[in-house]
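Peer 1: This is the structure I have questions about; it appears just below.
Readers should treat all values here as calculations from the given coordinates under stated rules, not as data from a laboratory. These figures come from a predicted structure and were not determined experimentally. Cβ placement follows ideal geometry from the backbone for every residue including glycine, while neighbour counts extend to all protein chains displayed.
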Amino acid sequence: MGYGISVAPNASDVYAKVKGKTINGELGKVRLLVLEAKDYNQMPNFVKDKIGQEIEITVSKNDLKYFESEEVNVLVSFIGDEKQQSYTARIKP
């Protein structure tokens, strides 16, 4: 069994409208309508082509409280390989 090729390290400074959220065990899923996706730290920006579209991000359930706001500003990364991909987010410091 071979390993997939991982997505290159990336990050986007995303401003978005929260459309919904769910909890599944220790993880939360949040649907965001991407309003803005700026380059961050000279890394590839894999969210800029999603402006005006919804994405689903995975976050720690401990971070879900932050997403009670109507709009949020987070750092989003696209992770995975050719078999499975997802978006994750970190709350900006």
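Peer 1: Please state the shape class of the chain: rounded when a/c is under 1.5, otherwise prolate if a/b exceeds b/c and oblate if not, all from the C-alpha gyration tensor.
Peer 2: Verdict is oblate for the chain.
Peer 1: Measuring from label point to label point, each 7 Å out along Cα→Cβ, what is the Asp39 to Gln53 span in nm?
Peer 2: 2.1
Peer 1: While we're looking at this one, here's another question. Setting aside same-chain residues fewer than 8 positions from Lys17, which aspartates and glutamates have a Cα under 18 Å from its Cα?
Peer 2: Reachable aspartates and glutamates: Glu36, Asp49, Glu54, Glu56, Asp63, Glu68, Glu70, Glu71.
Peer 1: Taking Cα pairs under 8 Å and at least six residues apart, what relative contact order does the range 11-91 come out at, in percent?
Peer 2: Reported as a whole number, the value is 34 percent.
Peer 1: For Ser60, project a label point 7 Å along Cα to C-beta. Then give me every residue of the range 1-42 with its amide nitrogen under 17 Å of that point.
Peer 2: 23-30
Peer 1: Still on this structure: Based on Cβ point charges of +1 for Lys and Arg and -1 for Asp and Glu, what charge dipole magnitude is obtained for the chain about its Cα centre, in debye rounded to the nearest 20?
Peer 2: Charge dipole of the chain: 160 debye, to the nearest 20.
Peer 1: To the nearest µm²/s, what D does Stokes-Einstein give for the range 22-61 at 37 °C and 0.692 mPa s, using the Kirkwood radius over alpha carbon pairs as Rh?
Peer 2: Roughly 289 µm²/s, to the nearest whole number.
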